[in-house]
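The values are calculated or read from the model by the stated rules, or taken from the named source; none is laboratory data. Everything quoted here is computed from the prediction, not taken from an experiment. Reconstructed Cβ throughout: ideal geometry from the backbone, glycine too, with neighbour counts over all protein chains shown. To get the accessible areas, we keep the full protein, side chains included, count just its heavy atoms, and leave off ligands, DNA and RNA. Shrake-Rupley method; radii C 1.70, N 1.55, O 1.52, S 1.80 Å.
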Amino acid sequence: MNDEEIYYIKTDDSISWSAYEFLHHEKDKRWFLIFWILSIGVFVSLLIFANFFGAATIALFTVILYMYAIKEPAITNCEIGSEGITLNDRLFPHNSLSSFWILYEPPVKELILISKHKVMPKISIQLGNANPVEIRELLLQNGLLEKEEEESISEIIARKIRF
């Protein structure tokens, strides 16, 4: 990962920054060993009980989780301006968002946007080295409602196991 591509720029009416798309935790051999032991154990248990559909589902989930575990985060570019919030060249107008929340519990530092669209209700953006206080002030100036959002159980578990 190249930290030279990370930036933070503030002007009077906009803020732009880049950050990794998610918090990446290096996983050692022990992490993968535990992952494979648990996955194979559940898979074999389901086969013993003749639950072939469950075993196939666990095998598929194991492959998907492994792919996500080894994935390196890409760099995302974000800008908050008078028109809306732009994430990697995709504009989310302020009127398409119902609220926002800045989750700041180190090492977690992210902007959570709640969309009015049912298909994509929650958008999480890592803040990287951006100033959360300045971002909050700009979002409030642009008429967005601040509403506390809590991390889901799956997000808490993923962070605890360093996924």
Highest mean packing first, using Cβ neighbours within 10 angstrom, the peptides 121-131, 89-99 sort as 121-131, 89-99
Hey, rough spin-label estimate for residue 134 and residue 76, points 7 angstrom out along Cα→Cβ, what's it come to in nanometres? 2.0
Solvent-accessible area of residue 105 with every protein chain in place, 1.4 Å probe, in Å² to the nearest 10: 90
Which of the lysines could a cross-linker span from residue 118 if the Cα-Cα distance has to be under 22 Å and same-chain partners fewer than 8 positions apart are dropped? 147
Rank 142, 65, 124 by how far each Cα sits towards the positive end of the charge dipole of the chain (+1 on Lys, Arg Cβ; -1 on Asp, Glu Cβ) and give me just the farthest. 65
Could you work out what % of the accessible surface of the chain is carbon and sulfur, using a 1.4 angstrom probe and leaving DNA, RNA and ligands out of the count? 61
Helix-derived mean residue ellipticity, 222 nm - over the chain, DSSP H n ≥ 4, -39500 (n - 2.57), to 500: -11500 deg cm²/dmol
With every protein chain left in place, what is the accessible area of residue 160 in Å² (1.4 Å probe, nearest 10)? 150
Please find the FRET efficiency linking residue 61 to residue 149, where r is the Cβ-Cβ separation and R0 is fixed at 25 Å, and quote it to the nearest 0.05. 0.40
Leaving out same-chain residues fewer than 8 places away, which lysines sit with a Cα under 21 Å from that of residue 10? 109
Enter the accessible area per residue of the chain (Å², integer; probe 1.4 Å; all protein chains in place). 65
What lysines could a cross-link reach from residue 29, if we take a straight Cα to Cα line under 18 Å and drop same-chain neighbours fewer than 8 places away? 71, 160
Using label points projected 7 Å from each Cα along Cα→Cβ, tell me how many nm separate residue 11 and residue 26, to one decimal. 3.9
Indicate the helices, whole DSSP H runs only, in the chain that combine a mean Kyte-Doolittle hydropathy of 1.6 or more with a Cα extent along their long axis of 20 angstrom or more. 29-48, 52-70
Sequence gap at least 6, Cα distance under 8 Å: using those rules, report the relative contact order of the chain to the nearest whole percent. 24
If 43, 61 are ordered by their accessible area, calculated over protein heavy atoms with a 1.4 Å probe, which sequence runs from highest to lowest? 61, 43
At a probe radius of 1.4 Å, what is the per-residue accessible area of residue 46, in Å² to the nearest 10? 40
Please name which of 103, 25, 75 has its Cα lying farthest along the dipole of the chain towards the positive end, using unit charges on Cβ (Lys, Arg +1; Asp, Glu -1) and the Cα centre as origin. 25
